[in-house]
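Participant: One structure coming up, written as structure tokens, with questions to follow.
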Amino acid sequence: MRKPVMAGNWKMYKTAAESASYFEKFALFVANASHAEVVVCVPFVNLPAAVMATRWTAIEIGAQDVFWLKEGAYTGEVSAPMLAAVGCRWVIIGHSERRQYFGETDETVLKKTVAALEAGLTPIVCVGERLEEREARATEAVLHAQCANGIAGLEPEQLARIVIAYEPVWAIGTGKTATPEIAADAHRFLRAQIGDRFGVDAAAACRILYGGSVKPDNIADLMAQPEIDGVLVGGASLDPASFAAIVNF
């Protein structure tokens, strides 16, 4: 049985003070949410405040990126051991915005994933196609390449410790949402790719989240799909009541 993961991604929003205020409300709203793992991924500078604000709750805190080396002359980067040291437990890797704006590749995704695992973090590894790729009917080719060049480079015991997020880029921040059926088809394809590389048992155990304009009014339909093991929520996670409604679907 795959336990759902309900993860929020604040992107570049909120200060440390706003983070503390958010969790004061959100923690009450999700106090009984034992059906899922609840994760909120905040900007680096908010990590200490978020960890402190959730220390007596079941809410876990994640970062939105990580560097693949432990230390060195890499101005502006943050390592996995640094994240773990402040109480971070999860990290998003390979988000489409990192790929689009900051040159993230499948190869760097793999390196970051391995680094996160070595530090005891749980990576949420993102894959997904752009609008022009979907219109060209290249979704499966894109997902195959992202798996082959990234996730497939992991060892079986490493795969067992990651979460995958399918995020169709055309549905992120656009108001467009893949239908539950479209999302489930992509998840099935991804699970087959994992099965080809790691075996059917590993594929059956791997949790695959959906990300892309998830809201309180579409979460029930998405989660009704057996292939969908949770969600990675952007804009709707910025409001504690909205994200709680998603968590408590």
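Bear in mind these aren't lab numbers, they're just calculated from the coordinates by the rules spelled out. Since this is a predicted model, take the numbers as computed values, not measurements.
Participant: How big is the C-alpha Rg of the chain next to the rule-of-thumb value 2.2 N^0.38 Å, as a ratio?
Facilitator: So the chain has a normalised radius of gyration of 0.94.
Participant: Whole-Hz Karplus ³J(HN,Hα) for the range 111-127, in order, using 6.51 cos²θ - 1.76 cosθ + 1.60 and θ = phi - 60°, x for Gly and Pro?
Facilitator: 4, 5, 4, 4, 4, 4, 4, 5, 8, x, 8, 9, x, 9, 8, 9, 9
Participant: As a check on your grasp of the helix formula, calculate [θ] at 222 nm for the chain: sum -39500 (n - 2.57) over DSSP H runs of n ≥ 4, divide by the residue count, round to the nearest 500.
Facilitator: -12000 deg cm²/dmol
Participant: On a 28 Å Cα-Cα criterion, which of the cross-link pairs K25/K215; K3/K112; K25/K70; K70/K176 come out too long?
Facilitator: Result: K25/K70; K70/K176 exceed 28 Å.
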